[in-house]
1. Might you check whether a residue that is crowded, with 23+ Cβ neighbours inside 10 Å and not acidic (Asp, Glu) occurs anywhere in segment 209-217?
2. Within segment 92-113, can you find the residues that are touching a Lys or Arg at 6+ places or on another chain (Cβ under 8 Å) and either farther than 16 Å from Ser70 by Cα or hydrophobic (A, V, I, L, M, F, W, C) (or both)?
3. Would you kindly identify the helices (runs of 4 or more DSSP H) lying entirely within segment 204-291 that contain at least 2 residues that are without any contact (Cβ under 8 Å) to a residue 12 or more places away in the chain?
4. Could you say which residue among Val62, Val39 is on the phi < 0 side of the Ramachandran plot and either touching a Phe, Trp or Tyr at 6+ places or on another chain (Cβ under 7 Å) or in a strand (DSSP E or B) (or both)?
5. Scan segment 162-176 for residues that are more than 19 Å from the chain's Cα centre (by Cα), modelled with pLDDT of 95 or more and not charged (D, E, K, R) and report the count.
6. Taking Glu90 and the conditions (1) of a type in the set (Asp, Glu); (2) outside any helix (DSSP H, G or I); (3) modelled with pLDDT of 95 or more, which numbered condition does it fall short on, given that it satisfies the others?
Amino acid sequence: MKKLFLMLFAMTIMSELFAQNETILLYTDAAPGSKGKQVPEDAKTTDGITRVKDVTQPALIVYPAKKKTSDATVIICPGGGYGILAIDHEGYDIATWFNERGMTVFVLKYRLPQEELFENDEIRPLQDAQQAIRIVRKNATKYGISPDKLGIMGFSAGGHLASTASTHFTTQIGEITDPSISVRPDFSLLIYPVITFNDRFTHFGSRDNLIGKNPPVEKIELYSNDKHVTKDTPPTFLVSTTDDGVQPENSIAYFLACKKNKVPVEMHIYEKGGHGYGLKKKGRGPVETWAARMEDWLKDRKLMK
């Protein structure tokens with residue numbers, strides 16, 4: 001009986017927590033490019049990680065700060081190799097971290113490049129990121145945020161998406177555009193990101209899922225985001241480890257491109273830590289302090305108090 005009571009109490013608390021998180025669909029009708037195939041969203045939890053795929057209704061999940069001390073915000077892009085979304089430890093957990101520090105933020109549940117579900121499937125993740133930026137900017141007053149303090153954050157392949165949004169903002173892609181609202185992020189937080197698609201340093205799983213195996217050189221160049229950094233690229237914070245399967249040369253290439261173009265940039269490369277650690281995996285040494293370094297960076301830029 002006691003176990004049942006505790007279980008019901010825990011479920012009630014969780015329900016109340018989730019009830020606080022508004023979900024904003026990115027599109028009022030079917031998502032652009034949809035082939036009309038009706039499939040249920042697939043979410044499975046194994047090894048403490050929730051993996052989501054078959055996203056046909058992309059959305060922003062709002063995480064409001066209880067005691068808001070900053071008018072900056074972040075759109076968080078979970079990783080997963082463009083094959084799944086690691087929605088908890090690279091999404092919701094990170095959002096809670098920001099909430100605890102006085103920032104209202106948004107987790108982006110973006111579509112994956114699934115050709116069975118979408119026409120021109122490779123553009124859909126970026127289309128969703130740009131639409132998310134438009135929605136947050138348009139509703140800045142509602143959420144008590146500044147439209148010119150909107151950052152984007154990404155982990156692994158989500159870092160590739162975030163860096164794509166940070167370097168390909170001069171063109172609004174896909175069927176929905178609004179030239180009156182900029183889709184340029186104001187700052188970027190890239191955590192163990194995939195950046196380049198060149199053969200030497202890319203993460204082939206992410207590349208294969210986004211643009212296919214044996215892609216043409218033109219597409220490799222297009223999605224190698226270090227090649228597209230300009231003076232207008234937003235200030236950037238980078239984290240990697242030397243023992244990561246997503247090689248740290250990805251971060252290094254982006255760092256050097258930012259430095260060359262006089263874009264404010266800070267990079268931390270730890271000796272060890274592997275991949276996919278987020279905030280929750282312990283026993284990995286100094287890399288566990290990466291979020292504190294990011295907090296320092298945000299405070300230095302007056303984005304967090």
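The values are calculated or read from the model by the stated rules, or taken from the named source; none is laboratory data. The structure presented is a predicted model; accordingly, all values stated were derived computationally and were not measured. Heads up, the Cβs are rebuilt from the backbone with ideal geometry, glycines too, and the neighbour counts pull from every protein chain shown.
1. From segment 209-217, those crowded, with 23+ Cβ neighbours inside 10 Å are 210; that's our starting set.
With not acidic (Asp, Glu) added as a condition, the list becomes 210.
The answer is yes, given that some residue of segment 209-217 is crowded, with 23+ Cβ neighbours inside 10 Å and not acidic (Asp, Glu).
2. Hits for segment 92-113 are Asp93, Met103, Tyr110, Arg111, Leu112, Pro113.
3. Details: elements: 204-211, 217-222, 249-260.
Of the helices (runs of 4 or more DSSP H) lying wholly inside segment 204-291, those with at least 2 residues that are without any contact (Cβ under 8 Å) to a residue 12 or more places away in the chain span 204-211, 217-222.
4. Numbers: Val39 fails: either touching a Phe, Trp or Tyr at 6+ places or on another chain (Cβ under 7 Å) or in a strand (DSSP E or B) (or both).
Exactly one of Val62, Val39 is on the phi < 0 side of the Ramachandran plot and either touching a Phe, Trp or Tyr at 6+ places or on another chain (Cβ under 7 Å) or in a strand (DSSP E or B) (or both), namely Val62.
5. Just the residues of segment 162-176 that are more than 19 Å from the chain's Cα centre (by Cα), to begin with: 170-171, 174-176.
Then keep just the ones that are modelled with pLDDT of 95 or more; that gives 170-171, 174-175.
Filter once more, so that each one left must be not charged (D, E, K, R): 170-171, 174.
Number satisfying all stated conditions: 3.
6. Just one mismatch for Glu90, condition (2).
For (1) among the aromatic types (Phe, Trp, Tyr); (2) surrounded by 24 or more Cβ atoms within 10 Å (Cβ to Cβ); (3) farther than 18 Å from Pro32 by Cβ; (4) touching a Gly at 6+ places or on another chain (Cβ under 7 Å), each residue gets a yes or a no:
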{"position": "His168", "(1), (2), (3), (4)": "no, no, no, no"}
{"position": "Gln172", "(1), (2), (3), (4)": "no, no, no, no"}
{"position": "Ile176", "(1), (2), (3), (4)": "no, no, no, no"}
{"position": "Ser180", "(1), (2), (3), (4)": "no, no, yes, no"}
{"position": "Asp186", "(1), (2), (3), (4)": "no, no, yes, yes"}
{"position": "Pro193", "(1), (2), (3), (4)": "no, yes, yes, yes"}
{"position": "Thr196", "(1), (2), (3), (4)": "no, yes, yes, no"}
{"position": "Asp199", "(1), (2), (3), (4)": "no, no, yes, no"}
{"position": "Gly205", "(1), (2), (3), (4)": "no, no, yes, yes"}
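Condition check ((1) more than 28 Å from Arg51 (Cα to Cα); (2) surrounded by fewer than 14 Cβ atoms within 10 Å (Cβ to Cβ); (3) not polar (S, T, N, Q)) across all residues:
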{"position": "Ala253", "(1), (2), (3)": "yes, no, yes"}
{"position": "Ala257", "(1), (2), (3)": "yes, no, yes"}
{"position": "Val265", "(1), (2), (3)": "yes, no, yes"}
{"position": "Gly273", "(1), (2), (3)": "no, no, yes"}
{"position": "Tyr277", "(1), (2), (3)": "no, no, yes"}
{"position": "Trp290", "(1), (2), (3)": "no, no, yes"}
{"position": "Asp296", "(1), (2), (3)": "yes, yes, yes"}
{"position": "Arg301", "(1), (2), (3)": "yes, no, yes"}
